[in-house]
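The structure appears right after this line, and notes come after that.
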Amino acid sequence: MRNIFSVASLLLPITALLTPLAEAHKVIGIADGDTMTVLVGKKPVKIRLANIDAPEKAQTFGQRSKQSLSDICWGKDAQFDVQNQDRYGRTVAVVRCGGIEANRSQVQKGMAWVYPNYNKDAALPPLEQAARGAKAGLWSDPHAQAPWDFRHRGKSTQDATCHVGPQGGRYQLINGKKRYGC
C-alpha cells in the first residue's frame with residue numbers, strides 16, 4: 001500500500017508539469033488587430049493570435065481592427081493556449097480575455113480574415129462567411145484586400161515609376177496611394 005502512495009506521490013508532480021494551467025496574464029499592449037503583449041511574470045511576451053490575420057495598421061480597417069482587439073483585451077487578464085512560435089519569435093496562441101475568445105471574436109465582428117495557410121480551427125471559416133454575408137466590419141468594403149495581399153502589394157510592380165518628392169523621398173503610386181521606398 002505504501003508503494004502505491006510512493007508511486008502516486010512521484011507521478012503527481014510530473015502530471016502537473018504535463019498539464020498546462022490556464023494562467024491569466026495582464027494585457028499591456030495591443031499592436032494591431034491580431035497582435036498583443038502580455039506580462040508573464042515581469043517579462044513582456046508578444047502574442048500573435050492564431051488562425052487569423054487582421055488588416056495592417058496602414059490598411060483600410062487596420063485601426064478599427066486594433067481598436068476592436070483593444071476593446072476585448074486591453075488591460076484585462078488573458079489566458080492563452082500556445083500553438084507554436086512564428087518566424088518573428090512571437091508566441092502564436094488562441095487567446096481568451098474576460099471569457100471571450102479574441103481570435104474568434106475578431107472574425108465574427110469582421111475585423112480579421114481567417115488565415116487559410118495557417119488556420120487549424122474548422123469553426124472559423126463559417127464565422128467569416130457569416131460576417132461577409134452580414135457585411136460586418138471590413139466586409140462592408142466591397143474591395144476589402146486580404147492583409148497577405150496588402151503586404152506583398154509592391155513586390156509585383158517592378159515596372160512602376162519611382163518618383164522623388166521635394167525633400168528627396170522616393171515613392172511609387174500604387175492604387176492611387178503613395179508607397180514610400182522604391
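The values are calculated or read from the model by the stated rules, or taken from the named source; none is laboratory data. Computed from a predicted model, the values in this text were never measured in an experiment. Glycine also receives a Cβ, built like all others from the backbone with ideal geometry; neighbour counts cover every protein chain displayed. Note: areas computed on protein heavy atoms with side chains; ligands, DNA, RNA excluded. Shrake-Rupley method; radii C 1.70, N 1.55, O 1.52, S 1.80 Å.
Of the listed requirements (1) basic (K, R); (2) more than 12 Å from V95 (Cβ to Cβ); (3) open to solvent by 70 Å² or more (accessible area, probe 1.4 Å), K66 misses just one: (3). State which residue is nearest to P55 (Cα to Cα) when the search covers only segment 116-160 and only residues that are at pLDDT 75 or above and among the hydroxyl-bearing types (S, T, Y). Ranking the qualifying residues of segment 116-160, first place goes to S140. Within segment 55-80, residues that are in a helix (DSSP H, G or I) reach partners that are of a type in the set (K, R) with beta carbons closer than 7 Å, at six or more positions or on different chains, in the pairs Q63/K57; K66/K57; S68/K109.
Can you tell me which residue within segment 95-111, out of those that are closer than 10 Å to G137 by Cα and open to solvent by 10 Å² or more (accessible area, probe 1.4 Å), is nearest to the chain's Cα centre (by Cα)?
Start the filter on segment 95-111 by keeping residues that are closer than 10 Å to G137 by Cα, which leaves 106-111.
Now narrow it down to the ones that are open to solvent by 10 Å² or more (accessible area, probe 1.4 Å): 108-109, 111.
Working: Q108: 14, K109: 14, M111: 10 Å.
Filtering first and then ranking leaves M111.
Working only within segment 35-63, note down all residues that are crowded, with 19+ Cβ neighbours inside 10 Å and touching a Ser or Thr at 6+ places or on another chain (Cβ under 8 Å). Matches in segment 35-63: I47, R48, L49, A54, P55. Could you check, for segment 69-85, whether at least one of its residues is more than 20 Å from V40 (Cβ to Cβ) and either touching a helix residue (DSSP H, G or I) at 6+ places or on another chain (Cβ under 8 Å) or not basic (K, R) (or both)? Checked segment 69-85: at least one residue is more than 20 Å from V40 (Cβ to Cβ) and either touching a helix residue (DSSP H, G or I) at 6+ places or on another chain (Cβ under 8 Å) or not basic (K, R) (or both).
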